[in-house]
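Step one of this worksheet: look at the structure below.
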2 protein chains.
Amino acid sequence: MLTLTPLSGLPLIQPGDDLSALILQSLISNHQSLQTGDILVLAQKIVSKAEGRRVYLSEVVPTPRAQSLATQIEKDPRLVELILQESREVLRTRPGLIIVEHRLGFVCANAGIDHSNVEPSSSKDFNRSDEWVLLLPENPDASAERLRAKLEVETGTRIGIMIIDSHGRAWRSGTVGVAIGFSGLPGLVDLRGQPDLTGRILQVTQVGAADELAAAASLVMGQAAEGTPVVRVRGFPYALREGSLQELIRPKEMDLFR
Amino acid sequence: MLTLTPLSGLPLIQPGDDLSALILQSLISNHQSLQTGDILVLAQKIVSKAEGRRVYLSEVVPTPRAQSLATQIEKDPRLVELILQESREVLRTRPGLIIVEHRLGFVCANAGIDHSNVEPSSSKDFNRSDEWVLLLPENPDASAERLRAKLEVETGTRIGIMIIDSHGRAWRSGTVGVAIGFSGLPGLVDLRGQPDLTGRILQVTQVGAADELAAAASLVMGQAAEGTPVVRVRGFPYALREGSLQELIRPKEMDLFR
């Protein structure tokens, strides 16, 4: 049985906040425990906020390249500048949308930067001049690793930590939760060569286990719910091990749709 | 809280089997109930088997087009013939792999047909001449609808039914569970225009809720597990409504990666 429990009551995260301490408090106030084998899934947003990844658009100076692309796709040139800075390569564009290979290796829209769900510094004084956006964490695998180390020491457990975002997809409508970094769990689970119940050998099957879990956790978090950006997973069916986002990045030369 | 419970002990499914009766028996033997709001997720394989979608390769006569493609990509021409019959369009090929738009509208590898996990008619007498494959259900939305109607009458509940398969993806390694048909639940959940907790209006966000659930259920089923092809989901966070796979199909002209 797989159980996903959202942790409610987490405060709005501020730069410099200690997520491990806030999560431990949240577990207590939710009357929930953490035990070996559990995985905590975090929304990217709270990790970015805690790490101070906020950028004020008024402080961004777009390059000519960003200006030109911004005009072409009708998007704020300062935002386009940030998207380009956070990306290795632009794959496709259309009005309002830039699909990139993010510097972290995955393909996503607008380098994972958008305005939605980002509150102004002060909601009463909100105006265009203090408009800001959140970049993705500098290194989500490392963020997960640090958080895991703290929580494992505090709780005496062996757990996994995953950071997720919502991505659009080729071919199918709707965003789904995907892993953007993790520690202590497998990205891919390789079932190649294992006999199935009838004794025949399975053909190539590598399961994107971390992404399946990310989608599950995303379902529980919802989208508008700044209040439940942490989900505790109990009953993950595969053995925990060291793992990295790189497992989930399809090499460019192996991708028929790049 | 979202809970996914695999139903164990389902027998190997044969053509003509009544899945609703077998699932009800399985619920009882697992000491599990079905209540309004629950969703049952079924692996495609058992639906295809019950519906007699097995095709003996010895009875398939490849067209010249299938023969030619089979030579090019080093695949059994009879299997290629079936893949072409089940598809609207071939998008990409490489050795051993044909990416198609399936007649059901989604993009997938080899039209969802493969040998893995398909046992011979009799494991003792297995030989090449009775090798067979399973096609996807004729109309998975309708299969889900029929099963739902029976189970709702039998149990006096209002539930959802989803049929899933494992698909590879552009850009990311590893297969993930995706919906190939469903009844009684939303495919997409439209959060556009809803204010978030800070009072700002969310930008475009349509969540692929059915696919997030498919991924979650796939995680619980595993891959080699013919024994747990049914998962009961309790706590799905969105309201149940009528729904269809078509919600999840990105229109070709809206797809930057076709």
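Considering only lysines 8 or more places apart in sequence, or on different chains, count the pairs in chain A whose C-alpha atoms sit under 27 Å apart. For chain A, qualifying lysine pairs total 7. The label point for B:A149 and the one for B:D190, both projected 7 Å from the Cα toward the Cβ, are 2.8 nm apart.
Assign unit charges at the C-beta atoms only (+1 for Lys and Arg, -1 for Asp and Glu), then state the dipole size of the stretch A:12-106 relative to its Cα centre in Debye, rounded to the nearest 20. Please list the in-between numbers first.
On the way: 11 positive and 11 negative charges, 63 e Å.
Around 300 debye, computed over the stretch A:12-106.
Rounded, prolate or oblate, given the Cα gyration tensor of the stretch B:22-116, with a/c below 1.5 counting as rounded? List each step's numbers first, then the result.
Numbers: a/c = 3.41, a/b = 2.33, b/c = 1.46.
Note, shape of the stretch B:22-116 comes out prolate.
State whether chain B is rounded, prolate or oblate according to the following rule on the C-alpha gyration tensor (a ≥ b ≥ c being the square roots of its eigenvalues): a/c under 1.5 gives rounded; otherwise a/b larger than b/c gives prolate, and the remaining case gives oblate.
Working: a/c = 2.26, a/b = 1.24, b/c = 1.83.
Verdict is oblate for chain B.
Sorted from nearest, the other copies put their B:E242 label points 5.5 nm away, the label point being 7 Å from Cα in the direction of Cβ.
Comment: the Cα-to-Cβ extended label point of B:R54, at 7 Å, lies 6.2 nm from its counterparts in the other copies, nearest first. Across the copies of the chain, A:T93 has label points (7 Å from Cα along Cα→Cβ) spaced 3.6 nm apart, shortest distance listed first. A simple count of charges around A:F106, restricted to other residues whose Cβ falls under 13 Å of its Cβ and scoring Lys, Arg +1 and Asp, Glu -1, yields 0. Computed from label points 7 Å out along Cα-Cβ, the spacing between A:T93 and A:L24 is 4.8 nm. With the charge dipole of the protein assembly as shown set up from +1 on Lys and Arg Cβ and -1 on Asp and Glu Cβ about the Cα centre, the Cα lying farthest toward the positive end among the listed residues B:L185, B:A209, B:L57 is that of B:L57.
For A:T5, the accessible area of its heavy atoms, probed at 1.4 Å with every protein chain present, is near 10 square angstrom. By its C-alpha gyration tensor, with a ≥ b ≥ c as the square roots of the eigenvalues, how is the stretch B:17-67 shaped: rounded for a/c under 1.5, else prolate for a/b larger than b/c, else oblate? Prolate, since a/c reaches 1.5 and a/b exceeds b/c.
As a ratio to 2.2 N^0.38 Å, the alpha-carbon radius of gyration computed for the protein assembly as shown takes the value 0.99.
Count, for each residue of A:173-184, the Cβ atoms from other chains sitting within 10 Å of its Cβ, then give me the mean as a whole number. The partial results should precede the final answer.
Values: counts 14, 16, 10, 10, 6, 5, 1, 0, 0, 0, 0, 0.
Taking the mean over all residues of the peptide, I get 5.
Leaving out ligands and nucleic acids, note down the accessible area per residue over the protein assembly as shown with a 1.4 angstrom probe, in whole Å². Don't skip to the end; give the middle numbers.
Details: 20240 Å² over 516 residues.
It amounts to 39 Å² per residue over the protein assembly as shown.
A 1.4 Å probe, protein heavy atoms only, puts the accessible area of B:K252 near 100 Å².
Amide H contacts of B:R172 (H built 1.01 Å from N, in plane; Pro and chain starts excluded): A:R250 sit under 5 Å, all sequence-distant by 5 or more or on other chains.
Using a probe radius of 1.4 angstrom, the carbon and sulfur fraction of the accessible surface of chain A is 52%.
The values are calculated or read from the model by the stated rules, or taken from the named source; none is laboratory data. Everything numeric in this text was worked out from a predicted model, so none of it was measured. Positions of Cβ are backbone-derived with ideal geometry, glycine not excepted, and every protein chain shown enters the neighbour counts. Quick note on the areas: whole protein, heavy atoms, side chains included, nothing else; ligands and nucleic acids left out. Shrake-Rupley method; radii C 1.70, N 1.55, O 1.52, S 1.80 Å.
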